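**Student:** Handing you this structure, nothing more for now.
The values are calculated or read from the model by the stated rules, or taken from the named source; none is laboratory data. This one's a predicted model, so the numbers in the text were calculated from it and none came from an experiment. With ideal geometry, Cβ positions are generated from the backbone for all residues, glycine too; neighbour counts draw on all protein chains shown. Accessible surface areas use protein heavy atoms only, side chains included; no ligands, DNA or RNA. Shrake-Rupley method; radii C 1.70, N 1.55, O 1.52, S 1.80 Å.
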Number of protein chains: 2
Amino acid sequence: MATRAGSEGRGSGVRWDIPGMMSLQDDGWGGDTPAPVPQRLLAAATRLFAEQGYDRTSVQEIVEAAGVTKGALYHYFGSKDDLLHEIYGRLLRLQQKRLDVLAEREAPVEERLRAAAADVVVTTIENLDDAMIFFRSMHHLSAEKQKQVRAERRRYHERFRALIEEGQRTGVFSDATPADLVVDYHFGSVHHLSSWYSADGRLTPQQVADHLADLLLRALRP
Amino acid sequence: MATRAGSEGRGSGVRWDIPGMMSLQDDGWGGDTPAPVPQRLLAAATRLFAEQGYDRTSVQEIVEAAGVTKGALYHYFGSKDDLLHEIYGRLLRLQQKRLDVLAEREAPVEERLRAAAADVVVTTIENLDDAMIFFRSMHHLSAEKQKQVRAERRRYHERFRALIEEGQRTGVFSDATPADLVVDYHFGSVHHLSSWYSADGRLTPQQVADHLADLLLRALRP
DNA sequence: AACGACATACCGACTGGTTAGTCTGCCGGG
DNA sequence: CCCGGCAGACTAACCAGTCGGTATGTCGTT
């Protein structure tokens, strides 16, 4: 008798493919052709989840905002849960890819860390809705999907931590603080961005990013 | 019709008084006398909100966990909303009071800031459930109560920021980064604690607090 | 070129279940 | 005897997901 649902078992439930990775902001459909239905649904869900939260947003609201009906939503997504999961996935894939590129550059470790620390701030601010949903609504995911997201997130943190440890080994950074704690310190402030950053503020995303990266690097001075 | 409710209008809706400010952890009822109903309700709500989130916790679950019925809950609280608001209030009042004491001590500003930065970490970890609810569920509050909470939070941040600005004026701290950004940086990591700190970890709350305070102070070195 | 067979994309009424909050009334102590 | 403190049935919503149905498109065959 109703073990608190949990969508179906098999597969991710998403029945469509992304042609190529795009920027989240525009879905690659800046022209006059209306965006395809799956993207419209994701965009509507993202906005509504960020505004009202996951639980307080009904599927009906989402499909109305996207200009379709429930039939369309459940044609492309297995459940409301899947929408959330896909929103996470987009942001995670984007940030992971960017970090991979930055971490492998030919440059002193302090430059690579500074670039990575600033980049995650900029991409977070540029996708503030996704970030807000991420840290506010992750616990609404089914246990299984939560595990998956956490695993991806861990990979990301580990990559970041490796940079710090490299600097600590080579003596460029102080090793007074364990590297994983430094990572959590930085990402804490990143996740928190959606609570205080507002576009109207006097600082551009890049300026905020530079400041936060600077704080991190200064904290790590030997 | 139905402007999305919003509890009643008048008053805070809470119909009971706290005898004296206690520690949140035990409600001052460690003995064998059962705790009074309002406290039992708050304790049950705190645990359940932290475990399952606000929206996914029914008032039926709360009253069952507290060993009473809905009649009791709505006798003491105006709405489910009020429970959340009261949980915030407890933590905010506690931290504000501690900060006030620390900030007014006779000591160099770097010592006062270090003590304040570490203290908020310790009290956050010691009330991790409340903290998690705070940063995860604040947006579930009615607009009016949200404004009130934000105002109290702002007061707290301003007091903290004043310490940083004092140090920057007197040249003890670097002023490379605007003080309010430094505050958000630090409190970002504090709010984030509930996402990663687990009691089983190898670091005690005090050790974590010392590390995080150290990172802040190191970042502020001139 | 016309046709049938099958698939994709979507519609929208409906179901079974859940929920916050109300209300009437009981009960025991002052 | 009266009132605070509480019980618990009840109401009026609301909502995720289902399902049968329709329109449009494609492809192989004749």
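**Student:** Within the stretch B:157-166, which residues are open to solvent by 10 Å² or more (accessible area, probe 1.4 Å) and either part of a loop (DSSP other than H, G, I, E, B) or touching a residue at least 24 places away in the same chain (Cβ under 8 Å) (or both)? Spell out how you get there, then give the answer.
**Tutor:** The initial filter retains those residues of the stretch B:157-166 that are open to solvent by 10 Å² or more (accessible area, probe 1.4 Å), namely B:157-159, B:161-162, B:165-166.
Matches in the stretch B:157-166: B:H157, B:R159, B:A162, B:E166.
**Student:** Looking at (1) within 13 Å of chain B (Cβ to nearest Cβ); (2) out of contact with any Asp or Glu (no Cβ under 8 Å at 6 or more places or on another chain); (3) closer than 23 Å to A:M138 by Cβ, can you tell me which one A:A213 breaks?
**Tutor:** In the conditions (1) within 13 Å of chain B (Cβ to nearest Cβ); (2) out of contact with any Asp or Glu (no Cβ under 8 Å at 6 or more places or on another chain); (3) closer than 23 Å to A:M138 by Cβ, A:A213 misses (3) alone.
**Student:** List every residue pair whose Cβ atoms lie under 9 Å apart, where the two residues are 6 or more positions apart in sequence or sit on different chains, the first residue falls within the stretch B:70-84 and is more than 22 Å from B:A143 (Cα to Cα), and the second residue, located anywhere, is near DNA strand D (Cβ under 6 Å from one of its atoms) and open to solvent by 20 Å² or more (accessible area, probe 1.4 Å).
**Tutor:** So the pair list comes out as B:A72/B:V37; B:L73/B:V37; B:H75/B:V37.
**Student:** So which residues in the stretch B:167-186 are more than 12 Å from A:H211 (Cβ to Cβ), open to solvent by 30 Å² or more (accessible area, probe 1.4 Å) and part of a helix (DSSP H, G or I), if there are any at all?
**Tutor:** Correct list: B:Q168, B:R169.
**Student:** Next question. Do we find that A:R218 is among the basic types (K, R), open to solvent by 70 Å² or more (accessible area, probe 1.4 Å) and part of a helix (DSSP H, G or I) in this structure? Steps first, answer last, please.
**Tutor:** Numbers: among the basic types (K, R): yes; open to solvent by 70 Å² or more (accessible area, probe 1.4 Å): no; part of a helix (DSSP H, G or I): yes.
Considered against the rule, which asks whether it is among the basic types (K, R), open to solvent by 70 Å² or more (accessible area, probe 1.4 Å) and part of a helix (DSSP H, G or I), A:R218 comes out as no.
**Student:** Test B:E152 against the criterion of being open to solvent by 40 Å² or more (accessible area, probe 1.4 Å) and touching a Leu at 6+ places or on another chain (Cβ under 9 Å), and give yes or no.
**Tutor:** Working: open to solvent by 40 Å² or more (accessible area, probe 1.4 Å): yes; touching a Leu at 6+ places or on another chain (Cβ under 9 Å): yes.
Against the criterion (open to solvent by 40 Å² or more (accessible area, probe 1.4 Å) and touching a Leu at 6+ places or on another chain (Cβ under 9 Å)), B:E152 qualifies.
**Student:** Next question, about the same structure. Can you name the condition, by its number, that B:A213 falls short on among (1) open to solvent by 20 Å² or more (accessible area, probe 1.4 Å); (2) in contact (Cβ under 8 Å) with a residue 60 or more places away in the chain?
**Tutor:** All conditions are met except number (1).
**Student:** Mind checking whether some residue in the stretch A:79-97 is hydrophobic (A, V, I, L, M, F, W, C), within 16 Å of DNA strand D (Cβ to nearest atom), away from chain B (no Cβ under 14 Å) and crowded, with 21+ Cβ neighbours inside 10 Å? It would help to see each step written out before you state the result.
**Tutor:** Initially, the stretch A:79-97 is screened for residues hydrophobic (A, V, I, L, M, F, W, C), giving A:83-84, A:87, A:91-92, A:94.
Checking which are within 16 Å of DNA strand D (Cβ to nearest atom) leaves us with A:83-84, A:87.
In the following step, the residues that additionally are away from chain B (no Cβ under 14 Å) were identified as A:83, A:87.
Those still in the list that are crowded, with 21+ Cβ neighbours inside 10 Å too: A:83, A:87.
Yes, the stretch A:79-97 contains a residue that is hydrophobic (A, V, I, L, M, F, W, C), within 16 Å of DNA strand D (Cβ to nearest atom), away from chain B (no Cβ under 14 Å) and crowded, with 21+ Cβ neighbours inside 10 Å.
**Student:** Then there's this: Show the residue pairs that are 6+ apart or on different chains and have beta-carbon atoms under 8 Å apart, the first residue being within the stretch B:35-51 and within 14 Å of another protein chain (Cβ to nearest Cβ), the second being within 16 Å of DNA strand D (Cβ to nearest atom) and open to solvent by 10 Å² or more (accessible area, probe 1.4 Å).
**Tutor:** B:L48/B:E61; B:L48/B:A65
**Student:** When the stretch B:167-186 is examined, which residues are found to be within 7 Å of chain A (Cβ to nearest Cβ) and on the phi > 0 side of the Ramachandran plot?
**Tutor:** Result: no residue meets the conditions.
**Student:** A follow-up question, please. Could you say which residue among B:D55, B:D119 is more than 16 Å from DNA strand C (Cβ to nearest atom) and open to solvent by 10 Å² or more (accessible area, probe 1.4 Å)?
**Tutor:** Details: B:D55 fails: more than 16 Å from DNA strand C (Cβ to nearest atom).
Within the list B:D55, B:D119, the selection yields B:D119.
**Student:** Right, next: Which one of these does A:A199 not meet: (1) in a loop (DSSP other than H, G, I, E, B); (2) within 12 Å of another protein chain (Cβ to nearest Cβ)?
**Tutor:** Result: A:A199 fails condition (2) only.
**Student:** Identify, by number, the condition in (1) facing another protein chain (nearest Cβ under 7 Å); (2) polar (S, T, N, Q); (3) surrounded by fewer than 19 Cβ atoms within 10 Å (Cβ to Cβ) that A:S189 doesn't meet.
**Tutor:** Only one criterion in (1) facing another protein chain (nearest Cβ under 7 Å); (2) polar (S, T, N, Q); (3) surrounded by fewer than 19 Cβ atoms within 10 Å (Cβ to Cβ) is unmet by A:S189, namely (3).
**Student:** Another question about this same structure. Looking for whichever is in contact with a Pro (Cβ under 6 Å, 6 or more places away or on another chain) and touching a residue at least 24 places away in the same chain (Cβ under 8 Å) here; the options are B:V149, B:V122. Which one fits?
**Tutor:** Every option except B:V122 fails the conditions.
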